Amino acid sequence: MNSDRSAGSAPAATARRALLRFGLTGAAALGTTAALGTATASAAAPATPTSARRPGTPDEALRELAAGNRRWRTFCERHPDESPAVRQSLTSGQHPFAVVLGCIDSRVPPELVFDQGLGDLMTVRSAGEVLDEAVLGSVAYGVLELDIPLVMVLGHQSCGAVKAAVAADESGERLPAHIQYIADQIAPNIDRTQQGDARVNSTIDANVRAVRARLAAEPDLAAKVTSGKLAIVGARYELDAYRVHSVV
């Protein structure tokens, strides 16, 4: 979704095409045949250590997340990478293939939503996906130190943090203690062209876009994006359909 890539880079072009098609569901899921084929093949494969099948490119990482979400929403979870062999292999190191920056909401655990296991995802969670130095540092660690090729900012339907920010903005009342900090960070992304539930719904997406854009503007991360080694994408989880789709 970020267009800053080196000209003539085949990996970058491949990742760009994948991101433009990125939907994680249905026909938009990086190509229905490819995504479903990945899901079917993965379901039939025995559990192996994470490092043996780690996606190494943004495109591959998106495909793996697409397949995992399809398993989740069709109740065909594999619960991969939980075997004794995998647990033992992870004692010597980790090789996650994606960073998922999500909300703290208990209904949206990334490992379940994407049907992943130990060592597969580096998850960073804050209310409303709000960024601070600790969150930024955690994301950067995954990308710069562990060479993770994909960062996903994952918002979700009925986000309580966004609802609180919208309500506080409309009423002018202060929220308790440190919760006001969360609301203050979300407030610039409130869609005031909408009303009621539509305002909350639109703000959820606007907040994902803003967080993604801020991450993409970080110089060290931007350099990785430009080289085609990293993609930073926005997505949203629908609580009622168990579905993840892109936010562009």
### the range 128-146 residues near the modelled I179 label - backbone nitrogen below 18 Å, point 7 Å along Cα→Cβ
128-130
### Listed residues E82, E129, E77 arranged by accessible area, highest first, probe 1.4 Å
E82, E77, E129
### Query
Can you give the accessible area per residue of the range 159-248, in Å², using a 1.4 Å probe?
49 Å²
### 3J(HN,Hα) from dihedral phi, the range 144-155, Karplus parametrisation 6.51/-1.76/1.60, rounded to Hz, x for glycine, proline
7, 9, 9, 6, 6, x, 9, 10, 10, 8, 10, x
#### Entry: Gained length - A140 relative to Q88, 0.36 nm times residue gap less alpha-carbon distance
16.1 nm
### Query
According to a simple spin-label model (label point 7 Å from Cα along Cα-to-Cβ), what is the distance in nm between T74 and D147?
3.3 nm
## Note on the structure
Over all directions, the range 176-248 yields a Cα convex hull whose mean projected area in nm² is 6.8 nm²
#### Entry: Q195 versus S171: modelled label distance in nm, points set 7 Å from Cα along the beta carbon direction
2.0 nm
### the range 120-235 pair-distance distribution - Cα-Cα, 5 Å bins, rounded %
2, 12, 22, 21, 17, 12, 9, 5, 1, 0
### Query
Given the protein chains as shown and a 1.4 Å probe, how many square angstrom of T57 are accessible, to the nearest 10?
50 Å²
### Summary
With all protein chains present and a 1.4 Å probe, the order of D169, D120 from largest accessible area down is D169, D120
### Task
Would you kindly state how much longer the chain becomes between L239 and R214 on full extension, computed as 0.36 nm times their sequence separation minus their alpha carbon distance, in nm to one decimal?
6.4 nm
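The values are calculated or read from the model by the stated rules, or taken from the named source; none is laboratory data. Just so it is clear, the structure is predicted and the values come from calculations on it, not from any experiment. Note: ideal-geometry Cβ built from the backbone for every residue, glycine included; neighbour counts use all protein chains shown. Each accessible area value is taken on the protein alone, full model and side chains, heavy atoms only, with ligands, DNA and RNA left out. Shrake-Rupley method; radii C 1.70, N 1.55, O 1.52, S 1.80 Å.
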